[in-house]
Amino acid sequence: MKKITLFVIALGFIALNLAAQQSDALVRINGGTFTMGSPSNELRRYDDEGPQRQVTVSSFYMSRYTVTQKEYREIMERNPSVFKGENLPVENVTWFDAIEYCNRRSLKEELTPAYTISGPWDKRIVTWNRNASGYRLPTEAEWEYACRAGTTTTYNTGASISDDTAWYNPNSGNTTHPVGEKPANAWGLYDMHGNVWEWCWDWYGTYASGAQTDPLGASSGSYRVLRGGCGFSPAEEVRSAKRYYNNPSYRIISGFRLVLNN
């Protein structure tokens, strides 16, 4: 009986420790309304960054850092990154890799996977159960809302960015850097500008006009959205509103961060 009691207590400590680690790794992002997109006079603005509109997002949890190579290898048992290092962000991952990681990590932590993947390899279809408890990618709106952290300026650091606040060209040395070396934004999120591009859930397409709540982007497409720029990007390419896109099966200096529903 004593052994059973001690075993139960040990399990309780393990569960509490896991919950504490998860809580430390994730930041609660309180929902709100913000102006998404860039104004017409913003430096190096692209047409796909407008029109600006009011977007409301619900509360969610987002990882403080992009997924590291250590975290990725522990779940996927491989490391596709070009620049190797345990605490470097995993990169050179496809959008489908990121989706698979979310599902596998969810199962490992006994959460309900957010995604269902079906179809042949070259025509995979991914559907998202929005009520699932498991890990997922941020929507593009969630990503920009979290990046801005209440700011309306070109960057979450203000009208400009510097070597002290982000990894980008020319200070990166054409390589990635360990997560969290630059200051966090006002909401405790690191490396939202630069280091690696970050995959989002959305299909790439033109923005809908008018106010929206929890938008999911285009209903279909050929490319998925990336945000944030990377260490090879000039300052204009790491702006809060900057959009990029790629084939979901292609690999570039792209990583991702995790989201959990509130």
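Where a number appears in this text, it was derived from the coordinates with a stated rule and is not lab data. These numbers come from a predicted model, not from an experiment. A quick note on method: Cβ atoms are made from the backbone with ideal geometry, for glycine too, and the neighbour counts reach across all protein chains shown.
Overview of results
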| read-out | value |
| --- | --- |
| Helix-derived mean residue ellipticity, 222 nm - over the chain, DSSP H n ≥ 4, -39500 (n - 2.57), to 500 | -6500 deg cm²/dmol |
| [x] 72, 38, 37; [y] 51, 44, 36; [z] 54, 37, 35, with the label sought being that of the calculated Cα extents along the principal axes in Å | [x] |
| R0 of 35 Å, Cβ-Cβ distance Ser160-Asp47: FRET efficiency to nearest 0.05 | 0.95 |
| Proximal lysine pairs, the stretch 2-261, alpha carbons under 30 Å, eight or more residues apart or interchain | 13 |
| Spin-label model distance (nm) - Arg251 vs Asn171, 7 Å beyond Cα toward Cβ | 3.0 nm |
| The stretch 36-121: GluC sites (Glu not before Pro) falling in loop per DSSP and having at most 10 other Cβ within 10 Å | Glu77, Glu110 |
| Listed peptides 168-176, 123-131, 184-192 by packing density, highest first (mean Cβ within 10 Å) | 184-192, 168-176, 123-131 |
| Inter-label distance for Ala184 and Ser220, nm, one decimal - labels placed 7 Å from Cα along Cα-to-Cβ | 4.2 nm |
| For the stretch 165-262, alpha-carbon Rg over 2.2 N^0.38 Å | 1.13 |
| Percent antiparallel among DSSP beta bridges (both partners in the chain, rounded to 5) | 85 percent |
| Neighbour-count order for His177, His193, fewest beta carbons within 10 angstrom listed first | His177, His193 |
| Cα centroid separation - the stretch 73-91 against the stretch 168-229, whole Å | 19 Å |
| Check: the stretch 40-171 dipole with +1 on Lys, Arg Cβ and -1 on Asp, Glu Cβ, in debye | 300 debye |
| Sites matching trypsin sites (Lys or Arg not before Pro) across the stretch 56-85 that sit in DSSP coil, with at most 16 neighbouring C-beta atoms within 10 Å | Arg78, Lys84 |
